[in-house]
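The values are calculated or read from the model by the stated rules, or taken from the named source; none is laboratory data. Quick caveat, the model's predicted, so the values are computed rather than measured. A quick note on method: Cβ atoms are made from the backbone with ideal geometry, for glycine too, and the neighbour counts reach across all protein chains shown. With ligands, DNA and RNA removed, areas are computed over all heavy atoms of the protein, side chains included. Shrake-Rupley method; radii C 1.70, N 1.55, O 1.52, S 1.80 Å.
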Amino acid sequence: MYITQINGKTKEYEGRKLVGFSMEKMFYVVADVENYKNFLPFCKKSEVTLKTEDFLKANLVIGFPPINESYTSKVTMIYPRLVKAECRDGRLFDHLDTLWLFSPGLKNNSDTCVIDFSLSFKFKSAIYSQLSNLFFNEIVRQMENAFLQEARRRYGKPCLRTVQLER
């Protein structure tokens, strides 16, 4: 895992993990934007307004004191390998991009996969940008863990403990 800060305002994160769930199962959890409000910390609303086989558009509201803001996310999906979300609107972010890549895990175990997760965002507000300096690491950690906990809730115990991998 590594976190970088560019120009003092743009934040980027990249992480790679071996998990005890298949690519397909993790894809379904991450692509289930409609239910983010039920399991993703800080997500107060997640409503899909347009959906095709490989694309969706969703209105999301995130909130953690003192922030409570809405934005539209455009999500591209390539089953079972990729979920990419982009936000270029709203008052909160200059940009918010997330990318989930799923690849096969252990050769002898199809119930495992490697997840490459990256996040890049820049707040429009200098105050929010300063707040994110304090909480960014914790928010990213909670977000990543929420997807794995949701996979556990849906599919049961993983076949192995999550392993942090080097990029």
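Brief remarks on what is shown
- Filter pass, Leu82 being free of Cβ contacts under 8 Å to residues at least 60 places away in the same chain, farther than 28 Å from Val19 by Cα, touching a helix residue (DSSP H, G or I) at 6+ places or on another chain (Cβ under 9 Å) and open to solvent by less than 40 Å² (accessible area, probe 1.4 Å): no
- Per the listing Phe93, Phe102, the residue uniquely open to solvent by less than 60 Å² (accessible area, probe 1.4 Å), within 22 Å of Phe55 (Cβ to Cβ) and more than 14 Å from the chain's Cα centre (by Cα) is Phe93.
- Within segment 130-167, being closer than 21 Å to Ile62 by Cβ and of a type in the set (Phe, Trp, Tyr) holds for Phe135, Phe136, Phe147.
- Count of segment 110-140 residues which are touching a Cys at 6+ places or on another chain (Cβ under 7 Å) and either exposed (fewer than 14 other Cβ atoms within 10 Å of the Cβ) or charged (D, E, K, R) (or both): 1
- Strands (runs of 3 or more DSSP E) enclosed by segment 63-130 - at least 3 residues per element that are under 25 Å from Glu166 (Cβ atoms) and modelled with pLDDT under 95: 113-123
Yes/no per residue for (1) more than 24 Å from Cys159 (Cα to Cα); (2) touching a strand residue (DSSP E or B) at 6+ places or on another chain (Cβ under 6 Å); (3) touching a residue at least 24 places away in the same chain (Cβ under 8 Å):
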site: Arg16; (1), (2), (3): no, yes, yes
site: Val33; (1), (2), (3): yes, yes, yes
site: Phe42; (1), (2), (3): yes, yes, yes
site: Thr98; (1), (2), (3): yes, yes, no
site: Ser110; (1), (2), (3): no, no, yes
